[in-house]
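First the structure, in the form of structure tokens, and then the observations on it.
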């Protein structure tokens, strides 16, 4: 149950990042991709979290991402790591 609440919070932050027009388009697309991975019904949560973390890690290393976007991504990654 706690994981469902945490997952909803993560999805909400990914939505916020995907809708932030101050963030480059590829970062917004990556946030949407990570959300899609987390919503896959046919995989275990640890596999979904690892896939989303991988996508987000690439985004965090993008030189064009603004500082607030990178901070959001790091926060999401740390939340995902507690779900594995």
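Just so it is clear, none of the values below were taken in a lab; they were calculated from the coordinates. Predicted model only: the values in this text are computed from it and were never measured. For neighbour counting, all protein chains shown are included, and Cβ atoms are generated from backbone atoms with ideal geometry for every residue, glycine included.
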Out of (1) in a helix (DSSP H, G or I); (2) surrounded by 14 or more Cβ atoms within 10 Å (Cβ to Cβ); (3) touching a residue at least 24 places away in the same chain (Cβ under 8 Å), the one residue 36 does not meet is (3)
Considering region 51-66, residues that are buried (at least 16 other Cβ atoms within 10 Å of the Cβ) and either under 10 Å from residue 27 (Cα atoms) or in contact (Cβ under 8 Å) with a residue 24 or more places away in the chain (or both), and then whichever is farthest from the chain's Cα centre (by Cα), we arrive at 65
Restricting region 14-29 to residues that are buried (at least 17 other Cβ atoms within 10 Å of the Cβ) and in contact (Cβ under 8 Å) with a residue 40 or more places away in the chain, the one farthest from residue 67 (Cα to Cα) turns out to be 14
Across (1) in a helix (DSSP H, G or I); (2) surrounded by fewer than 15 Cβ atoms within 10 Å (Cβ to Cβ), residue 43 clears everything bar (1)
